[in-house]
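This report concerns only the one structure given below.
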């Protein structure tokens, strides 16, 4: 079954990570996202669903796609939106995270979208305020809305993900996208293989129920979906060389144009931003096999669905 049962009721207050969501919860969010994706194609892509809600975007870490996607989703639904930037806030004066969020909460807010470099911050905020908390990325822990939009995009060409073969290629060690995707995809019945240099794949990932490959050719021949990850140089310890050069990384693990001819069945995804010429050749990113821009559009629809559900839409109180 690719939908939750008829007697299912969504009963989540927060989205801290997909580890807290059941298979039925995930399928229900994706089902709701279909309706919001249709709204985005209308001449006036707006609905007043969150007209009486106030949402704070609390970003302690740089972001372009995720922040803009959430903000656009909120405004498409009529919410009052407050954007918080740590670089221009009282945190520069020494204010703690707890004091910051409690001060913001005293302004009578309904939801908080938080992005932070430290794992566990979204969970911590649930202990500080009554507002619904949405995790927009916490350290290398989880990035649940990115995984949801990835799965939603996969459903557009594989309606049922059971038995589908998904390869996640690249910087596994430093990616929060990987963990959320592994959790979500395996709950939906997909098979997942991680591929990359040994220095970028932690030994313990096999405990999450996935296989590991160090051979890109074998991986691309096997998969239905190839999701390349950005090499996150900013998260790597200074002075620690995890591979000789970016050029050598591209030679061994970059998706190239000739791969599309050799292995004609797989779709190409990337959570962005892309390092062209590193994770994949520029022509690959721009090819018809790539659904990277679809991921961006679908991200707005998925975040609209999550905001709707966590605001109380069709949820058991």
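Rule-based calculations on the coordinates, nothing more; no lab input. Quick caveat: nothing in here was measured; it's all calculated off a predicted structure. Glycine also receives a Cβ, built like all others from the backbone with ideal geometry; neighbour counts cover every protein chain displayed.
The table below gives the values:
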item: Principal-axis tilt of helix 144-155 within the chain, Cα atoms, nearest 10 degrees; result: 60 degrees
item: Packing-based exposure ordering (other Cβ within 10 Å, fewest first) of 99, 41, 25; result: 41, 99, 25
item: Estimated inter-spin distance, residue 99 and residue 22, nm [label 7 Å along Cα→Cβ]; result: 4.3 nm
item: Label zone at residue 159 (point 7 Å along Cα-to-Cβ), backbone N below 17 Å, the stretch 38-73; result: 38
item: On Cα atoms only, tilt of 176-187 relative to the major axis of the chain in degrees; result: 90 degrees
item: Förster radius 41 Å - calculated FRET efficiency between residue 296 and residue 106 (Cβ-Cβ, nearest 0.05); result: 0.70
item: Degrees between helix 23-40 axis and first principal axis of the chain (Cα, 0 to 90, nearest 10); result: 80 degrees
item: Additional length obtainable on full extension of the chain from residue 265 to residue 42, 0.36 nm per residue less Cα span; result: 77.1 nm
